[in-house]
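Visitor: Have a look at the structure that comes next, please.
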Amino acid sequence: MSFHPKPDVPDALERVSRCDILIAPAPGTCGNVGQLACDVLALNLNLSRVGVLDFEHLIPVCGRDALYDDVGDGDVAGALACACEVYVGEVDFAADAKARETRTVVVAQIRSDANIGARRLFCEEYVNFLTTFAHPERVVLLSSLPSTYGASAAQIGGTKWRRFGGDDDFKSMCAANELIELEENVYPPSEEIAESVDPHWALVDTIGTNTRVGCVVAVCSEGDNSVDGAGMALAAARACGIDVGTEPKAPIPGATYIGPWRVPRSWEGAFGLREVSRDMFS
């Protein structure tokens, strides 16, 4: 694994390695909900892309900017999207009812998945970045599981929000925001987890008992997961103590919103949020 900072951000490495909060997705999980949420957070928290990560066992990818229009978004317009991008910024936290504080947040976004047959090797690389390369107070992993994992009527149908792992502060913050612990009946047998190449369980097994890493989980179904992505962003923000309301703070005319979140540009075609011209069919 190697980090490649943007040439015009000389302090990128220091900002990433010394951040307060690191938020990252579990790539390849059900509906890619964690990855959707990371784009929502990077865009709406006004984080700046400061570099990219190169993992040996991550499939390379390159495409159009996922967050901004190619034109019309000023200095941030038109950057190429890569397999793993790192965003950094100073974010307001609700320290208590009367005071706020600003802390450094990193969102590491993965737009690809592990090479075939290399899931476990990628997980080792990825966890090394999450827990060793960076030194945040807390790592929040965003993952998802199929609703078919549920074993009771209460666990099946609709999207359920859960958490597991993390230190006492993370658990308390989750409890205050009604994020309950992932039920034990959802877990596969321990011997299966130890050998699993499932994107979620392989990563969980690699993390092990490291309490610096807490996980927010969406138990959901595949399909149009845009609402789940926005919901995951809200759950993650609240689990971190980030100050987020229920409505957009300064809505941009013409932009699409889900709850308080402006929708990333890349969602507009993928989830039918923007009308597509039908001229091609005439």
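Coordinate-derived values only; no laboratory data. Remember, predicted model here, so these are calculated numbers, not experimental data. Here the Cβ is made from the backbone with ideal geometry for all residues, glycine too, and neighbour counts use every protein chain on show.
Visitor: Using alpha-carbon positions, what is the distance between the centroids of the range 125-141 and the range 1-58, in Å?
Guide: What the calculation gives is 11 Å, centre to centre.
Visitor: Find how much the distance from residue 167 to residue 54 grows on full extension, using 0.36 nm per residue of separation minus their present alpha carbon separation; answer in nm with one decimal.
Guide: On the way: separation 113, 0.36 × 113 = 40.68 nm, distance 2.90 nm.
Full extension of this stretch gives 37.8 nm more.
Visitor: Under 1.5 on a/c is rounded, so check that first for the range 111-219, then, if it is not, pick prolate when a/b is larger than b/c and oblate when it is not; a ≥ b ≥ c are the square roots of the alpha carbon gyration tensor eigenvalues.
Guide: oblate
Visitor: Same structure, new question: If you plug each phi of the range 184-189 into the Karplus form 6.51 cos²θ - 1.76 cosθ + 1.60 with θ = phi - 60°, what whole-Hz ³J(HN,Hα) values come out, in order, with x for Gly and Pro?
Guide: 5, 6, 7, 6, x, x
Visitor: Run the numbers on the range 221-264 and let me know its relative contact order in percent, using alpha-carbon pairs under 8 Å that are six or more apart.
Guide: On the way: 27 pairs, mean separation 13.3, N = 44.
For the range 221-264, the relative contact order is 30 percent.
Visitor: Taking 7 Å along the Cα-to-C-beta vector as the label spot, tell me the residue 243-residue 193 distance in nanometres, rounded to one decimal.
Guide: A separation of 3.8 nm, rounded to one decimal place.
Visitor: I want the local charge near residue 44. Using Cβ-Cβ distances under 10 Å, sum +1 for each Lys or Arg and -1 for each Asp or Glu among the other residues.
Guide: Taking every other residue near residue 44 into account, the sum is +1.
Visitor: Moving on. Can you spot the aspartates and glutamates whose alpha carbon is less than 17 Å from residue 6's alpha carbon? Ignore those fewer than 8 places along the same chain.
Guide: Answer for residue 6, where 17 Å is the Cα cut-off: 14, 54, 65, 75, 85, listed by chain and number.
Visitor: Calculate for the chain the 222 nm mean residue ellipticity that helices alone would give, adding -39,500 (n - 2.57) per DSSP H run of length 4 or more and normalising by residue count, nearest 500 deg cm²/dmol.
Guide: Roughly -7000 deg cm²/dmol at 222 nm, from the helical runs in the chain.
Visitor: Would you kindly derive the ³J(HN,Hα) couplings of the range 239-254 from the backbone phi angles with the Karplus curve 6.51 cos²θ - 1.76 cosθ + 1.60 (θ = phi - 60°), listing them in order in whole Hz, with x for Gly and Pro?
Guide: My calculation for the range 239-254 gives 5, 8, x, 6, 6, 10, x, 9, 10, x, 6, 9, x, 8, x, x Hz in order.
Visitor: Pick out which of 108, 194, 83 has the largest mean-square fluctuation in a Gaussian network model of the chain, springs linking Cα atoms closer than 10 Å.
Guide: Highest fluctuation among the options: 194.
Visitor: Now, a different point. Between 160, 249, 171, which gets the highest mean-square fluctuation from a Gaussian network model of the chain, Cα cutoff 10 Å?
Guide: Result for the chain, Cα springs under 10 Å: 249 fluctuates most.
Visitor: If you rank 68, 87, 187 by fewest surrounding Cβ atoms within 10 Å, what's the result?
Guide: 187, 68, 87
Visitor: Here's a follow-up. If the cut-off is 18 Å between C-alpha atoms, which aspartates and glutamates fall inside it for residue 160, apart from same-chain ones fewer than 8 positions away?
Guide: Result set, ordered by chain and number: 178, 181, 183, 184, 222, 224, 228.
Visitor: So between residue 135 and residue 61, what do we pick up on full extension, going 0.36 nm a residue minus the alpha carbon distance?
Guide: In short, 23.9 nm is gained.
Visitor: Let me ask something else about it. Relative contact order (percent) for the chain, with alpha-carbon contacts under 8 angstrom and 6 or more residues of separation?
Guide: Reported as a whole number, the value is 25 percent.
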